[in-house]
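Below is one structure; the comments refer to it alone.
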Amino acid sequence: MYAIIETGGKQYRVSEGDILKIEKINENKSVTFGNVLMVSDGDNISYGSPFLDSVEVTADVIGTGKAGKILVFKQKTRKGHRKLRGHRQQYTTVKITNIKTG
C-alpha cells in the first residue's frame with residue numbers, strides 16, 4: 001500500500017516504514033498528514049479532487065537538520081557589481097508509521 005501526500009509545497013510517494021526528509025515542521029513526536037492526493041493498495045486506487053477526506057498518513061519525527069550549503073552568485077557584466085550569498089535549507093526527517101483509510 002502506498003499514498004501520495006502533499007507537504008511543504010511538494011508531493012511525496014510514501015509507504016509504511018519509509019524515511020524521508022520534508023520541509024521543516026514544528027512537531028516534536030508525531031505528525032499527521034491530511035493532504036492525501038492518492039491511495040493505492042495494489043488493486044484499488046482512490047484519487048481525490050484535490051484531496052481524499054477519509055485518509056490520513058501518520059509519521060514519527062526522527063529529527064531535524066540542515067542540508068548542504070548552496071552558493072548563489074550574481075554578477076553584472078562590466079559594472080563591478082558582484083554578490084555572493086549562501087543558503088542552507090532546514091528539513092525534518094520523518095518515518096511513516098501508518099496509512100489509515102476510512
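FYI, it's all coordinate maths here, none of it is from the lab. Only a predicted model underlies this, so the values are computations on that prediction, with no experimental measurement involved. Note: ideal-geometry Cβ built from the backbone for every residue, glycine included; neighbour counts use all protein chains shown.
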* **Estimated vicinal HN-Hα couplings, Hz - the stretch 44-52 in sequence order (Karplus 6.51, -1.76, 1.60; Gly, Pro = x)** => 9, 10, 10, 10, x, 9, x, 10, 8
* Structure fact -> The answer for Asp18, listing residues at least 5 apart or on another chain whose modeled amide H is closer than 5 Å to its amide H, is Ile96
* Asked: Residue-wise, which Karplus ³J(HN,Hα) couplings in Hz belong to the stretch 29-43, taking 6.51 cos²θ - 1.76 cosθ + 1.60, θ = phi - 60°, and x for glycine or proline?
  -> 10, 9, 9, 10, 9, x, 8, 9, 8, 7, 9, 9, 10, x, 9
* Structure fact -> In the chain, taking the dipole from +1 charges on Lys and Arg beta carbons and -1 charges on Asp and Glu beta carbons about the Cα centre, the listed residue (Ile45, Val72, Thr58) farthest towards the positive end is Val72
* Under 30 Å from the Cα of Lys95, which lysines turn up, not counting those fewer than eight places away in the same chain? -> Lys10, Lys21, Lys24, Lys29, Lys66, Lys69
* Structure fact -> So, relative contact order of the chain in percent, Cα under 8 Å, 6 or more apart, is 32 percent
* To do: Pop out the ³J(HN,Hα) list for the stretch 93-99 in order, Karplus 6.51 cos²θ - 1.76 cosθ + 1.60 with θ = phi - 60°, rounded to Hz; leave Gly and Pro as x.
  => 9, 10, 10, 6, 9, 8, 10
* Asked: In terms of modelled amide H atoms, which long-range or inter-chain residues lie less than 5 Å from the amide H of Gln89?
  -> Ala67
* Structure fact -> One finds the C-alpha centres of the stretch 83-100 and the stretch 1-32 to be spaced, in Å, by 10 Å
* Pull up all non-local amide H partners of Ile25: gap of 5 or more, or a different chain, and H-to-H distance under 5 Å with H placed in the peptide plane. => Thr92
* Please report, to two decimal places, log10 I(q)/I(0) for the chain at q = 0.16, 0.18, 0.21 Å⁻¹ as given by the Debye formula with identical point scatterers on the Cα atoms and no solvent. => -0.71, -0.83, -1.03
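Considering only DSSP states other than H, G, I, E and B, which trypsin sites (Lys or Arg not before Pro) in the chain qualify as loop sites with at most 12 other Cβ atoms within 10 Å?
Values: sites: Lys10, Arg13, Lys21, Lys24, Lys29, Lys66, Lys69, Lys74, Lys76, Arg78, Lys79, Arg82, Lys83, Arg85, Arg88, Lys95, Lys100; in loops: Lys24, Lys29, Lys69, Arg78, Lys79, Arg88.
Of the trypsin sites (Lys or Arg not before Pro), the ones in loops of the chain whose Cβ has at most 12 other Cβ atoms within 10 Å are Lys29, Lys69, Arg78, Lys79, Arg88.
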